Amino acid sequence: MVTMMNNPWADLNYLNKIRVKESIKYNVFWIKDSLNKYGLLIQCDEDFILPKREFKLKGIEIKLDNTSTPNQLILLLKETYDWEIFLILCNDLINVMKHYDTDIIVKVMERLVRWQKLLQRTTLNILSKEEQMGLFSELKILQDYLFPRYGCSRSIKSWVGALGDKQDFLLDNLAMEVKSYRLTSGNAVWISSKEQLNSEKNPLYLFACAINEVYRGETIIDVVNSISESIEDDNLLYEFLEKIEHYGYIPEIQQESLSKFSLEQVNVYEVKDYFPKIHLEHVSPLIKDLKYRIELSGCSQFKVKVDEILK
């Protein structure tokens with residue numbers, strides 16, 4: 001999953017510990033227990049309080065000791081072969097303690113709750129280049145086209161593709177499907193399901209995003225951070241980040257593998273009856289999955305201007 005990571009437990013003997021080198025005011029140690037399990041020990045004078053509901057981290061044992069001063073929170077990895085993802089989790093907690101001066105315990109526990117959700121997934125995969133391009137395009141449409149017209153709240157709530165809806169964006173008066181393609185590889189987009197260009201809401205527009213992979217471009221995390229900084233409401237920010245995670249993007253895991261892109265142009269097409277698509281009535285209900293490619297150079301008669309449809 002992650003390569004070229006230094007294992008801080010590699011040179012430790014069992015029942016030994018070594019202080020984390022990061023500049024933080026709390027006592028934090030890499031440890032090995034009596035069974036040679038990898039662990040992280042956090043000591044703090046404040047009380048650690050676990051969430052009231054059942055709290056478990058998949059593959060990780062949590063030990064809490066509030067009986068002495070300082071309090072101790074210990075995380076132990078059950079299987080050594082999972083050390084890379086465990087190290088990412090530990091570094092995430094260390095980063096929280098490094099950047100916050102108050103409510104440290106609350107912040108640490110909030111991060112553990114988030115990791116609880118992440119580790120419940122069956123897989124934590126790195127996004128492929130194509131998946132990155134798709135998410136990048138949707139984020140840029142959200143940021144550059146919807147925010148200026150509808151504001152953050154309405155725009156984010158309209159982003160339903162991340163939750164498994166048929167189209168990417170559903171607004172009061174229209175539906176939008178966003179597709180990306182490499183500018184250097186022709187002018188065609190892949191449609192990955194029979195429902196994507198068949199919407200119960202009309203009109204439906206196809207936003208075709210021409211992407212270049214460039215050295216001075218933006219990564220997904222750049223766009224996510226930029227959007228996050230523009231969201232002032234905490235609940236809305238939580239909704240946005242939750243949708244990002246539904247898409248499969250987990251920043252703590254993905255950072256080293258992200259490509260840099262530039263959105264070169266956006267062409268918008270109205271998906272009318274004669275638009276080149278596969279109509280649902282022409283597909284047997286027994287066909288559950290299909291994928292086809294549309295050559296956009298022959299679709300000029302369906303082109304529309306963004307300013308005319310987003311009002």
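The values are calculated or read from the model by the stated rules, or taken from the named source; none is laboratory data. Being a predicted model, the structure only gives us computed values, none of them experimental. Note: ideal-geometry Cβ built from the backbone for every residue, glycine included; neighbour counts use all protein chains shown.
Would you confirm, using the coordinates I've provided, whether residue 134 is assigned by TED's automatic domain parsing to the domain that holds residue 293 and out of contact with any helix residue (DSSP H, G or I) (no Cβ under 8 Å at 6 or more places or on another chain)?
Answer is yes for this residue.
Every residue in the stretch 279-308 that is in contact (Cβ under 8 Å) with a residue 60 or more places away in the chain, assigned to a helix (DSSP H, G or I) and within 32 Å of the chain's Cα centre (by Cα), please.
Residues satisfying the conditions are 280, 296, 306.
For the stretch 293-306, does any single residue satisfy the condition of being farther than 19 Å from residue 147 by Cα and modelled with pLDDT under 85?
Scanning the stretch 293-306, I find no residue that is farther than 19 Å from residue 147 by Cα and modelled with pLDDT under 85, so the answer is no.
Of the residues 297, 228, 284, only one is among the small types (Gly, Ala, Ser) and surrounded by 10 or more Cβ atoms within 10 Å (Cβ to Cβ); which?
On inspection, the qualifying residue turns out to be 228.
Take the residues in the stretch 233-248 that are among the acidic types (Asp, Glu) and touching a residue at least 40 places away in the same chain (Cβ under 8 Å), then tell me which one is surrounded by the fewest Cβ atoms within 10 Å (Cβ to Cβ).
Ranking the qualifying residues of the stretch 233-248, first place goes to 233.
Residues are listed down the side, and each one gets a yes or a no for (1) in the same structural domain as residue 243 (by TED's automatic domain parsing); (2) farther than 18 Å from residue 224 by Cβ; (3) modelled with pLDDT under 85; (4) crowded, with 18+ Cβ neighbours inside 10 Å:
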site	(1), (2), (3), (4)
124	no, no, yes, no
141	yes, no, no, yes
158	yes, no, no, yes
191	yes, yes, no, yes
207	yes, yes, no, yes
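Would you pick out the residues in the stretch 267-281 that are surrounded by 14 or more Cβ atoms within 10 Å (Cβ to Cβ) and closer than 22 Å to residue 200 by Cβ?
268, 269, 270, 271, 275, 276, 277, 278
Please verify whether the stretch 255-264 includes one or more residues that are touching a Cys at 6+ places or on another chain (Cβ under 8 Å) and either modelled with pLDDT of 90 or more or surrounded by fewer than 17 Cβ atoms within 10 Å (Cβ to Cβ) (or both).
Yes, some residue in the stretch 255-264 is touching a Cys at 6+ places or on another chain (Cβ under 8 Å) and either modelled with pLDDT of 90 or more or surrounded by fewer than 17 Cβ atoms within 10 Å (Cβ to Cβ) (or both).
For the stretch 251-261, indicate whether the set of residues that are within 23 Å of residue 157 (Cα to Cα) and outside the structural domain of residue 91 (by TED's automatic domain parsing) is non-empty.
So far as the stretch 251-261 goes, yes, one or more of its residues are within 23 Å of residue 157 (Cα to Cα) and outside the structural domain of residue 91 (by TED's automatic domain parsing).
Mind checking which pairs have a first residue in the stretch 198-211 that is more than 11 Å from residue 303 (Cα to Cα) and a second that is among the β-branched types (Val, Ile, Thr), Cβ under 6 Å, 6 or more apart or different chains?
204/271; 209/266
Identify, from the list 151, 164, the residue that is in the same structural domain as residue 208 (by TED's automatic domain parsing), surrounded by fewer than 18 Cβ atoms within 10 Å (Cβ to Cβ), on the phi > 0 side of the Ramachandran plot and modelled with pLDDT under 90.
Of the residues listed, the single one that is in the same structural domain as residue 208 (by TED's automatic domain parsing), surrounded by fewer than 18 Cβ atoms within 10 Å (Cβ to Cβ), on the phi > 0 side of the Ramachandran plot and modelled with pLDDT under 90 is 164.
Every residue in the stretch 16-41 that is part of a loop (DSSP other than H, G, I, E, B) and either modelled with pLDDT of 85 or more or of a type in the set (Asp, Glu) (or both), please.
Selection gives 16, 20, 22, 33, 34, 35, 36, 37.
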